[in-house]
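Asker: Provided herewith is a single structure, encoded as structure tokens, for subsequent inquiry.
The values are calculated or read from the model by the stated rules, or taken from the named source; none is laboratory data. All values reported here derive from a predicted model rather than from experimental measurement. Cβ placement follows ideal geometry from the backbone for every residue including glycine, while neighbour counts extend to all protein chains displayed. We work out accessible area using only protein heavy atoms, side chains counted, and drop any ligands, DNA or RNA first. Shrake-Rupley method; radii C 1.70, N 1.55, O 1.52, S 1.80 Å.
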Amino acid sequence: MEIKLLNDQGTSSATFSAPDTVFARDFNEALVHQVVIAYQANARSGNRAQKDRAEVKHSTRKPFKQKGTGRARAGMTSSPLWRGGGRIFPNSPEENFSQKVNKKMYRAGMRSILSQLARENRIAIVEDFTLESPKTKIAADKLRLMGLDSVLIITDNVDENIYLATRNLPHVAVVEPRYADPLSLIHYKNVIITKSAVAQLEEMLG
């Protein structure tokens, strides 16, 4: 798969031959959907909690007599039908939202996403991505010169300068190949990958 090779000025004068095993696969929409949903579900903390009728503050006294009022029978104010009563099926902090995705499926989903991004010209290859100092302005100016506003940068080594310079940029993320995830790949408008990171991705996903 031929992918454009960008320089620091954002121009492409050559192409990079990326491995077809990673960047030239057919797009499997159902698999990508399953992988993305599972990734989001596995990121949920599951710490929400609600009270059932035994846990809400209430009295066991009968609110009014059984007959003669014309109202429906009521035993206590903790009934789920009453305002301030407990929930019928309350959410529990122990609720588990995780979904299992096999390694083979996850790798196939990542290859499918990368291949589709390559076909849409949303992926570019660079020699490397380095910054001489940990200044946000330097990183922002470099990305602006390259014509990138929303971008995921995958590099083989995220040093301190890159980490400190890009952490305050709202639409920029820099990760190593092992931390690239399907949600980030489809979230950002563009993806920049260094040549050495391409080799690591081929080793991981090929």
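Asker: Report relative contact order for the chain in percent, whole number only (criteria: Cα-Cα under 8 Å, sequence separation at least 6).
Answerer: 25 percent
Asker: Keeping the other protein chains in place, figure out the carbon and sulfur percent of the accessible area of the stretch 1-148, with a 1.4 Å probe.
Answerer: Of all accessible area on the stretch 1-148, carbon and sulfur atoms account for 50 percent.
Asker: Next question, about the same structure. Net charge within 13 Å of residue 56 by Cβ-Cβ distance, Lys/Arg positive one each and Asp/Glu negative one each, not counting residue 56 itself?
Answerer: It works out to a net charge of +3.
Asker: Residues of the chain: accessible area per residue at 1.4 Å, in Å²?
Answerer: Accessible area per residue, the chain: 62 Å².
Asker: Work from the charge dipole of the chain (Cβ charges, +1 for Lys and Arg, -1 for Asp and Glu, about the Cα centre) and give the residue of 49, 10, 78 farthest towards its positive end.
Answerer: It is 78, whose Cα lies furthest towards the positive end.
Asker: In a GNM of the chain with a 10 Å cut-off on Cα contacts, which of 28, 121, 47 has the highest mean-square fluctuation?
Answerer: Comparing 28, 121, 47 in the GNM, the peak value goes to 47.
Asker: Work out the count of Lys pairs in the chain where the Cα-Cα distance is under 30 Å, with the pair 8 or more places apart or on different chains.
Answerer: Lysine pairs, 8 or more places apart or on different chains, close enough: 24.
Asker: Using the Cα centre as the reference, give the magnitude of the dipole from point charges on the C-beta atoms of the stretch 1-137 (Lys, Arg: +1; Asp, Glu: -1; all else neutral), rounded to the nearest 20 debye.
Answerer: Here the size comes out at about 1920 debye.
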